[in-house]
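Input: a single structure, listed below in structure tokens.
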């Protein structure tokens with residue numbers, strides 16, 4: 001199996017399993033975890049072969065996971081990193097040795113997993129796993145084939161019934177800030193969302209969480225008490241040297257450092273790992289004159305953090321926004337932090353197997369409701385939108401691309417072509 005055929009095989013599973021209203025009712029919730037477990041059982045339980053640092057939360061999961069991974073690498077640990085979703089290429093979700101998984105190893109893991117998936121489809125069709133579950137199984141097989149001993153594991157949506165929660169008790173569980181996101185799946189209050197996140201807490205695991213508001217802490221403490229665990233709450237008061245932009249990254253660094261110190265890692269490894277951590281589409285500076293910032297903010301809390309980071313980049317003459325928002329998101333709440341800051345808005349779209357972006361007209365209405373005089377344009381083709389805005393922007397203007405990691409990934413190709421990323425096995429190839 002080639003890498004190209006492996007990707008095609010995985011993508012074909014998306015259309016076989018319509019996305020259900022999972023996590024909305026008790027019966028459905030348990031089933032999704034059972035389905036992931038069935039697939040793992042058929043693969044002889046690769047999830048039991050590793051030590052884990054499990055990272056859940058609403059904001060900062062990817063950054064915190066990457067920081068912990070880089071700290072462990074700096075300490076000489078044999079560690080892998082699993083993240084979700086990908087921004088540029090599927091292989092970025094599986095990393096070790098400071099590189100993305102290579103094409104041959106990826107294809108070999110898919111080749112091992114898919115016959116089991118095919119057998120489930122033939123004999124127990126009701127248990128056919130989702131694309132996300134299959135990809136997680138592929139990652140476990142790949143890590144096992146590579147001889148990895150520890151995995152830094154970023155949860156997907158929620159926690160309690162997330163596919164990653166089939167793992168045995170992690171050595172460390174990290175809970176990043178919790179806020180409203182995926183409300184169509186996880187619930188419409190922060191308490192309901194916290195209950196989903198808290199479901200990853202297991203007996204025997206050391207648990208660290210960024211100090212939350214009292215209602216969230218009450219939910220977390222209740223879950224922890226039920227399994228005999230006490231949560232250590234981290235107040236992000238320490239300042240670290242960072243490569244990642246934004247004051248909110250100090251929060252993630254404090255949580256990563258707390259985990260590393262619990263593991264007894266050297267302070268130099270902690271400092272070196274945190275500064276080595278880089279991620280695409282996190283207040284990422286793509287070019288100068290005009291400056292372009294690429295960010296995947298897709299929730300109200302993440303957009304607020306982005307706005308604060310943008311303000312740190314002042315001065316600029318005008319701010320031009322390019323935005324697309326996933327169809328399930330709350331448009332008004334996401335747009336709100338931006339409305340007073342922007343001088344022009346270009347709304348675009350994206351389409352992926354199984355879902356797409358909000359109709360541009362809904363986003364226009366949100367901006368116009370806040371600022372009727374604002375210049376708002378629609379350009380459905382994202383790359384044309386980018387080229388047009390770059391052509392019209394003055395050298396001392398600021399261009400911000402945001403609203404979705406999927407949009408960020410599509411437009412990041414303008415500066416970092418996919419072929420270059422795959423060839424160098426890094427999200428930050430040297431030849432930009």
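No value in this document is a laboratory result; all are computed from the given coordinates. These figures come from a predicted structure and were not determined experimentally. Using ideal geometry, Cβ is built from the backbone for each residue, glycine included, and neighbour counts are taken over all protein chains shown.
What is the fewest-to-most order of 413, 397 by other Cβ atoms lying within 10 Å of their Cβ? Could you put the intermediate results ahead of the total?
On the way: 413 16, 397 20.
So the ranking, lowest neighbour count to highest, is 413, 397.
Once C-alpha pairs closer than 8 Å and six or more residues apart are averaged by separation and normalised to the residue number of the stretch 284-415, the relative contact order reads 39 percent.
Computing FRET efficiency as 1/(1 + (r/R0)^6) for residue 30 and residue 394, where r is the C-beta to C-beta distance and R0 is 41 Å, gives about 0.15. Estimated from helices alone, the mean residue ellipticity of the chain at 222 nm is -13000 deg cm²/dmol (sum of -39500 (n - 2.57) over DSSP H runs with n ≥ 4, per residue). GNM on the chain, alpha-carbon springs under 10 angstrom: the most fluctuating residue among 272, 396, 126 is 126.
Counted residue by residue at 0.36 nm each, then reduced by the alpha carbon distance between them, the extension gain from residue 213 to residue 387 reaches 58.4 nm. Over the stretch 118-270, Cα pairs under 8 Å with separation of 6+ residues give a relative contact order of 17 percent.
Here the calculated FRET efficiency for residue 111 and residue 373, from their Cβ-Cβ distance with R0 = 35 Å, stands at 0.05, rounded to the nearest 0.05. The DSSP beta bridges internal to the chain are antiparallel in roughly 20% of cases.
Could you order the peptides 5-16, 279-290 from most to least packed, using the average number of other C-beta atoms within 10 Å per residue? Let's see the in-between values first.
Working: 5-16: 15.4, 279-290: 18.6.
Sorting 5-16, 279-290 by mean packing, highest first, produces 279-290, 5-16.
Relative to the dominant Cα principal axis of the chain, helix 61-74 is inclined by about 60°. Of the residues 140, 390, the one with the fewest other Cβ atoms within 10 Å heads the list, and the complete ranking is 390, 140. All alpha carbon pair distances within the stretch 284-344 were sorted into 10 Å bins beginning at 0; the resulting P(r) in whole percents reads 19, 58, 21, 2. If you wrap the Cα atoms of the stretch 324-384 in a convex hull and average its projected area over all directions, you get 4.1 nm².
The angle between the Cα long axis of helix 103-123 and the longest principal axis of the Cα atoms of the chain comes to about 70 degrees, rounded to the nearest 10. For helix 131-145, report the angle its Cα long axis makes with the longest principal axis of the Cα atoms of the chain; keep it between 0 and 90° and round to the nearest 10°. With rounding to tens, the tilt is 60 degrees. For a paramagnetic label modelled at 7 Å from the Cα of residue 328 toward its Cβ, which residues of the stretch 348-376 fall within the zone defined by backbone nitrogen distances under 16 Å? Only 351-359 fall inside the zone, counting backbone N under 16 Å. Residues in the stretch 302-331 near a label at residue 351, defined as backbone nitrogen under 15 Å from the 7 Å Cα→Cβ point? What the label zone holds, given the 15 Å backbone N cut-off, is 327.
Ranked for footprinting exposure by Cβ neighbours inside 10 Å, fewest first, 303, 1 give 1, 303.
Remind me, relative contact order of the chain in percent, using alpha carbon pairs under 8 angstrom and six or more residues apart?
Details: 838 pairs, mean separation 73.9, N = 432.
Relative contact order for the chain comes out at 17 percent.
Extent along the principal axes, Cα only, for the stretch 3-280: 54, 40, 31 Å, with the longest axis given first.
Taking all C-alpha pairs of the stretch 284-415, those more than 24 Å from each other amount to 18 percent.
Over its Cα atoms, what ratio of radius of gyration to 2.2 N^0.38 Å does the stretch 1-147 give?
Working: Rg = 15.6 Å, N = 147, 2.2 N^0.38 = 14.7 Å.
Relative to the rule-of-thumb radius for its length, the stretch 1-147 sits at 1.07.
Projecting label points 7 angstrom from Cα along Cα→Cβ for residue 145 and residue 48 puts them 2.2 nm apart.
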